[in-house]
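Student: Have a look at this one before I ask anything.
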Amino acid sequence: MFSFRADIFEFDLQNDETFLYLFKAEWRKQFLDLSSHNYGGFTNLLKTESGKVINTGNYHFRNNHLEKLDQQMCDRFNTFAESHFINILPQCEVGEHHDIYDPQDDTVNVVNGDFINTSILFPIFGEIEVESNGHTRLLTNNVFTVIDTSKLHNGWNTSNSLSYCCSTLVYGKTYKDIKQILKDFIVEDLDD
């Protein structure tokens, strides 16, 4: 996990238009999931007695503000990048997992053969802590936090309110590739 300066991109995600969008947007997964999402990367799923997965986090498609940020990231990384909004319910964690991007899962835009192991996180509102490779950090407004999604990671909302962040998935380039591209802007490097 590492973080880099947010000021290398021009964006405004913490605005009234985005807040309104998030409260009106369609949730991509049900609270009690009926196996429409790939949970193969989770180490300990929260389930009902009948075996339905309980989702403590959810996704929304990007809005025009995230699309503008995505275009800048695509240009800088010279590859496709796509963001989405993530919410975590109050006093909950997502659960320790590594991501398996499934072409049958309509919450992500992947096809067979896509390579994705980089997620670039930024807070929208509320407080979200992320953990990756034994390190925990609170998402903050002045930096983007980057995690290797092929390694175990987690996220928490310890507040009593819904919290949102955005996650930009980078396609076709490795976590190490992205770190190399951003080397001059890194403010904290927690990789071993």
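The values are calculated or read from the model by the stated rules, or taken from the named source; none is laboratory data. This structure is a prediction, so every number in the text was calculated from the model and none was measured. We place every Cβ from the backbone using ideal geometry, glycine too, and count neighbours over all the protein chains shown.
Student: Identify, from the list Ser150, Ser159, the residue that is part of a loop (DSSP other than H, G, I, E, B) and in contact (Cβ under 8 Å) with a residue 60 or more places away in the chain.
Tutor: So the residue among Ser150, Ser159 that is part of a loop (DSSP other than H, G, I, E, B) and in contact (Cβ under 8 Å) with a residue 60 or more places away in the chain is Ser159.
Student: Right, here's the next one. When you scan the stretch 170-192, how many residues do you find that are outside any loop (DSSP other than H, G, I, E, B), of a type outside the set (Ser, Thr, Tyr) and closer than 10 Å to Thr118 by Cα?
Tutor: Total meeting the criteria: 5.
Student: Keeping to the stretch 111-130, report how many residues are among the aromatic types (Phe, Trp, Tyr) and over 12 Å from the mean Cα position of the chain (by Cα).
Tutor: Final tally of qualifying residues: 2.
Student: Then there's this: Going by the conditions given, is Phe85 in a loop (DSSP other than H, G, I, E, B) and at pLDDT 70 or above?
Tutor: Considered against the rule, which asks whether it is in a loop (DSSP other than H, G, I, E, B) and at pLDDT 70 or above, Phe85 comes out as no.
Student: Can we say Pro103 is surrounded by fewer than 16 Cβ atoms within 10 Å (Cβ to Cβ), at pLDDT 90 or above and in a loop (DSSP other than H, G, I, E, B)?
Tutor: no
Student: Something else: Name the one entry in Pro90, Pro123 that is under 21 Å from Phe23 (Cβ atoms) and assigned to a loop (DSSP other than H, G, I, E, B).
Tutor: Of the residues listed, the single one that is under 21 Å from Phe23 (Cβ atoms) and assigned to a loop (DSSP other than H, G, I, E, B) is Pro90.
Student: Going by the conditions given, is Thr118 surrounded by 14 or more Cβ atoms within 10 Å (Cβ to Cβ), farther than 24 Å from Asn44 by Cα and out of contact with any His (no Cβ under 8 Å at 6 or more places or on another chain)?
Tutor: no
Student: Tally the residues that are in contact with an Asp or Glu (Cβ under 6 Å, 6 or more places away or on another chain) and either over 15 Å from Cys165 (Cα atoms) or surrounded by fewer than 18 Cβ atoms within 10 Å (Cβ to Cβ) (or both), restricting the search to the stretch 55-83.
Tutor: The qualifying residues number 2.
Student: Taking the stretch 131-142, which residues are more than 14 Å from the chain's Cα centre (by Cα), assigned to a strand (DSSP E or B) and among the polar types (S, T, N, Q)?
Tutor: Thr136
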